[in-house]
Amino acid sequence: MDLRQGIGLRKLGKTAEEFQQDLLSNLYYRRGTTVESASARDAYETLSQTVRDRLAERRARTAAAHYASNPRWVYYLSAEYLLGAQLEQNLLYSGTGEIAAEAVKALGFSIEDLEDLDIEPGLGNGGLGRLAACLVDSMATRDIPAVGYGIRYDLGIFRQIITENGQTELPDDWAFQGNPWEFPAPDDRQTVGFYGHTEPVPGSQTRKVWVPGEIVLGEPSHMLVPGYGTETVNIVRLWSAKASEASFDLSRFSAGQYAEAVQEAVRAENISKVLYPDDSTELGRELRLKQQYFLVSCSLRDIIRRFRLRNEGWDGFAEKTVIQLNDTHPTIAIAELMRLLVDEYELEWDRAWEITRKTFAYTCHTLLPEALETWPVHLFERLLPRHLEIIYLINMLFLREVEARFPGDDDRLRRMSIIGEEPRMVRMAHLAVVGTEAVNGVAELHSKLLRETVLDDFAELWPAKFQNVTNGISPRRFVRIANPRLSDLITEGLGTDTWIRDLERLEGLERLADDASFRERWQAIKRANKVDLAAGDPDSLTDVMIKRFHEYKRQQLKVLHVITLYHRIRQDPGRDRVPRTVLFAGKAAPAYHAAKDIIRLIATVAATIEKDPVVSPYLKVVFPSNYNVTLAEKIIPAADLSEQISLAGKEASGTGNMKLALNGAITIGTMDGANIEIRARVGEENFFLFGLDAYEAANARINGYFPHRYYEHDPELRAALDALGSGAFGESGQRVASSLMSWDEYLTLADFRSYLDCQEQVEQAWHDRERWTRMSILNTAHCGFFSSDRTIADYAARIWRVAPVPVPHDD
Ligand code: 26W
């Protein structure tokens, strides 16, 4: 019996009047102000609460349905979530968009005004963090009982200012005005230990008592994750560190040592203070490992609490629980579950290991060796002494298995060991593979290269453990919300809007590519989106490169192309050219100086072209600051050309490539990551391919690569590099040129000519607008596969073995 009926809780109405009433009562009673004196912030907060209440109603029914069915749960452990702005999404998912617009108009505001006040929790760096957000969205949309666990950083990814001097970082205190979309849940606080020592347990070989030297509290607050076109509302639970009472040293305080007295407390709360802004190089900072263990310890205790609400004993734990590790960042969870089962719940080691191995799965998101996390043994010894002991035992038993399979192969033992020698490091990727049931890459090529290179020994030992699950994106945020004009045309063209939660239905657009009037409307929408973006001439080719800055992504190659165009236009101003607006956006890790040099170079090139009367009519370079999810939603619908030009074999998947193709941008790219699968689906005639493939690139380096040769043999390349080397584009340009001419880690010069030739093909295609528009429509039509709903269906079927739990409507 629904308690609510018992106490007669009034249902939240669905009519405009009832919504208006709720809005007004929230304004008066929760916000404590009146219609007359309501500010835009008052209206935003009140609207958010009114919408949130409707989702909270569905959340209550979801929780009841999950409790009743005692299902198998999916837990997504991620150090990063890039959830994006919440208001527009929650208006769409609660179906209150229209009535809300009416209601706020009566308060004298427009929805657009209030959406500008919407916060974006920047709790992530890039691809990995945004993928986590798309996946939890699709889990709810597919009625999968799931919880996303993460860290509620006080300071998210830094705010970026781009000036002619390049990138400046500012702290991102994202919730300083409060966050109407979260529910703090102090009752579910957890206790987390650090440091200290271990003591033996009399009569037990494996059990130990850990005596931590420092205790902090983990306080959760959750955000609602509504499903689209269904009743399910799941949650993302984010932990923030709080000082335990014990950490406030009253004696020092009474002795007047105020700073020292609170020192402990400050240390504790520093754990969830700030997101590490690196997305490819592990820095091995102690605080980062503390963050990872904090996330894991709080989440595992919360998972066990939920399991024990409906289940006895431990036999059912692995049947009712699957925990997906989002890269190696939460991998310490494997040792933590073993510690809880063996030390606290007194299970035998083997039984505990059986349960642990069956519970976890690991997704790898990179191929860069420097991004694979390893932690110094001495740091583990100090920070997590019990976990190191457990990892040693896991490793010993694992190496026994390897020895049995490959007797006498000491080199293999050394390669595969979880503990690396000289220096003694804990290899988190090895622990992740040993302690999980399934390991997957995020695109076909990536998963193949993982089996053939980084994790080849493990793939030889456990071939069945290795899988591929190609990434996906949420069509709700990145098509329906970001591009309403195109969404309406697609719905009209298909005669249904069911494509929004069944994206492969876009195939139906293929026949419309031959329809001239449909093409015309398609063009008009792209142009209108470009007018909205106001980045440059809406009739120019909008050439977009939006992603984190990293030398493997090769923004430097795009700069060489721009400088070559600049030279060509100056050398032959009269020639008829394709007007082009080149848009860069993205952040560089603050300590990644080579990437920041490229950002500064782009700012200098943009300024040079801007003030050049010969070139500027044909070429413009723009670099909007502070690239984030909200800015991506503005840029992607306006893009004509999608730059996916990483060195083949380096970009695990990419997800921006999918978002751009689904919005009708045509890709120029290498045979890397998901580009390959996009090209396979849209047809090679609708994709601009160039460059070495992954194996050619790997061999180029092995066979000896001399970048200077390309400089000598390609006049345009030489001219561009000479211009950089001359200092005409600043010192940062000189540094970029010398690193390309000396080592060129990512074969930028080797792919230059092929890239330039491919850009020629782009311009030829652009000249034939009907052909271009056909290609654009066919890109959208054939990219339904790249929905994160399909990605989740793959995980659910092949890794999680979990079934949807329908949530009853509110009759
Ligand atoms: C230790 C520092 C660190 C932090 C983050 C190393 C590596 C990461 C992430 C794994 C980097 C990342 O975001 N990888 C991206 O993940 C996307 C989602 O799967 C892929 O689409 C991108 O190709 C991949 O670069």
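The values are calculated or read from the model by the stated rules, or taken from the named source; none is laboratory data. Nothing here was measured: the structure is a model prediction, and the numbers come from that model. Because the Cβ atoms are built from the backbone with ideal geometry, glycine has one as well, and the counts that use them run over all protein chains shown.
Name the pairs: first residue in the stretch 418-445 and of a type in the set (S, T, Y), second residue within 15 Å of the ligand (Cβ to nearest atom), Cβ to Cβ under 6 Å, at least 6 apart or on different chains?
T436/A361; T436/Y362
Would you say N440 is more than 16 Å from the ligand (Cβ to nearest atom) and of a type in the set (S, T, N, Q)?
Spelling it out, it is not the case that N440 is more than 16 Å from the ligand (Cβ to nearest atom) and of a type in the set (S, T, N, Q).
Under 6 Å by Cβ, and 6 or more places apart or on different chains, what pairs join a residue from the stretch 151-164 that is within 21 Å of D302 (Cβ to Cβ) with one that is of a type in the set (F, W, Y) and at pLDDT 95 or above?
From the stretch 151-164, the pairs are I151/W239.
Just wondering, is there one or more residues in the stretch 141-157 that are under 26 Å from the mean Cα position of the chain (by Cα), surrounded by fewer than 22 Cβ atoms within 10 Å (Cβ to Cβ) and more than 23 Å from N326 (Cα to Cα)?
No, the stretch 141-157 has no match at all.
So is R701 surrounded by fewer than 24 Cβ atoms within 10 Å (Cβ to Cβ), at pLDDT below 95 and not hydrophobic (A, V, I, L, M, F, W, C) or not?
Spelling it out, R701 is indeed surrounded by fewer than 24 Cβ atoms within 10 Å (Cβ to Cβ), at pLDDT below 95 and not hydrophobic (A, V, I, L, M, F, W, C).
Examine the stretch 570-577 for a residue that is in a helix (DSSP H, G or I) and touching a Leu at 6+ places or on another chain (Cβ under 8 Å), and state whether such a residue exists.
Scanning the stretch 570-577, I find no residue that is in a helix (DSSP H, G or I) and touching a Leu at 6+ places or on another chain (Cβ under 8 Å), so the answer is no.
Tally time: how many residues in the stretch 535-569 are away from the ligand (no atom under 16 Å from the Cβ) and either within 34 Å of the chain's Cα centre (by Cα) or part of a loop (DSSP other than H, G, I, E, B) (or both)?
Count: 20.
If N125 satisfies every condition in (1) under 17 Å from D173 (Cα atoms); (2) outside the structural domain of I157 (by TED's automatic domain parsing) but one, which is the exception?
For N125, the exception is condition (2).
Give the stretch 288-318 a look and list any residue that's loosely packed, with under 15 Cβ neighbours inside 10 Å and in contact with a strand residue (DSSP E or B) (Cβ under 9 Å, 6 or more places away or on another chain), or say none.
Correct list: R305 only.
Go through the stretch 279-389 and tell me which helices (runs of 4 or more DSSP H), entirely inside it, have 2 or more residues that are of a type outside the set (D, E, K, R), within 14 Å of the ligand (Cβ to nearest atom) and closer than 30 Å to G127 by Cα.
Fully inside the stretch 279-389 and qualifying: 286-310.
Can you find a residue in the stretch 458-465 that is surrounded by 19 or more Cβ atoms within 10 Å (Cβ to Cβ) and over 28 Å from Q292 (Cα atoms)?
Within the stretch 458-465 (the criterion being surrounded by 19 or more Cβ atoms within 10 Å (Cβ to Cβ) and over 28 Å from Q292 (Cα atoms)), the answer is no, since none of the residues qualifies.
Identify, please: which residue in the stretch 744-771 is in contact with a Phe, Trp or Tyr (Cβ under 6 Å, 6 or more places away or on another chain) and aromatic (F, W, Y) and is, among those, farthest from P579 (Cα to Cα)?
So the residue we want is Y746.
Could you check, for the stretch 230-245, whether at least one of its residues is surrounded by fewer than 19 Cβ atoms within 10 Å (Cβ to Cβ), in a loop (DSSP other than H, G, I, E, B) and of a type in the set (D, E, K, R)?
no
Can D597 be described as acidic (D, E), more than 18 Å from D279 (Cα to Cα) and either in contact with a Pro (Cβ under 6 Å, 6 or more places away or on another chain) or touching a residue at least 12 places away in the same chain (Cβ under 8 Å) (or both)?
no
Which pairs turn up if I take residues in the stretch 353-374 that are not assigned by TED's automatic domain parsing to the domain that holds H446 and look for partners that are among the small types (G, A, S) and more than 8 Å from the ligand (Cβ to nearest atom) with beta carbon separation below 7 Å, at least 6 apart in sequence or on another chain?
Filtered contacts from the stretch 353-374: no entries.
I'd like the residue in the stretch 636-666 that is β-branched (V, I, T) and touching a strand residue (DSSP E or B) at 6+ places or on another chain (Cβ under 7 Å) and, out of all such residues, is farthest from the ligand (Cβ to nearest atom).
Checked the stretch 636-666; the qualifying residue farthest from the ligand (Cβ to nearest atom) is I666.
Restricting the search to the stretch 703-727, which residues are in contact (Cβ under 8 Å) with a residue 40 or more places away in the chain and not hydroxyl-bearing (S, T, Y)?
Passing the criteria: P707, E716, L717, A719, A720, L721, A723, L724.
Given the stretch 1-107, what helices (runs of 4 or more DSSP H) lie entirely inside it while holding 1 or more residues that are of a type in the set (S, T, N, Q)?
In the stretch 1-107, the matching helices (runs of 4 or more DSSP H) lie at 3-7, 16-25, 40-69, 87-93.
Looking for something out of contact with any helix residue (DSSP H, G or I) (no Cβ under 8 Å at 6 or more places or on another chain), in the same structural domain as A638 (by TED's automatic domain parsing), aliphatic (A, V, I, L, M) and outside any helix (DSSP H, G or I) - is there at least one such residue anywhere in the stretch 587-597?
Within the stretch 587-597 (the criterion being out of contact with any helix residue (DSSP H, G or I) (no Cβ under 8 Å at 6 or more places or on another chain), in the same structural domain as A638 (by TED's automatic domain parsing), aliphatic (A, V, I, L, M) and outside any helix (DSSP H, G or I)), the answer is yes, since at least one residue qualifies.
If we scan the stretch 378-398, do we find a residue that is over 34 Å from the mean Cα position of the chain (by Cα) and exposed (fewer than 14 other Cβ atoms within 10 Å of the Cβ)?
Checked against the condition, which is being over 34 Å from the mean Cα position of the chain (by Cα) and exposed (fewer than 14 other Cβ atoms within 10 Å of the Cβ), the stretch 378-398 yields at least one hit.
Are there any pairs, at least 6 apart or on different chains, whose C-beta atoms fall under 9 Å, with the first in the stretch 64-89 and within 16 Å of the ligand (Cβ to nearest atom) and the second in a loop (DSSP other than H, G, I, E, B) and of a type in the set (F, W, Y), and if so, which?
Partner pairs satisfying both residue conditions: A79/Y276; L83/W181.
Can you name the residue in the stretch 390-409 that is part of a helix (DSSP H, G or I) and out of contact with any helix residue (DSSP H, G or I) (no Cβ under 9 Å at 6 or more places or on another chain) and, of all such residues, is farthest from the ligand (Cβ to nearest atom)?
Looking at the filtered set, the residue picked out is A404.
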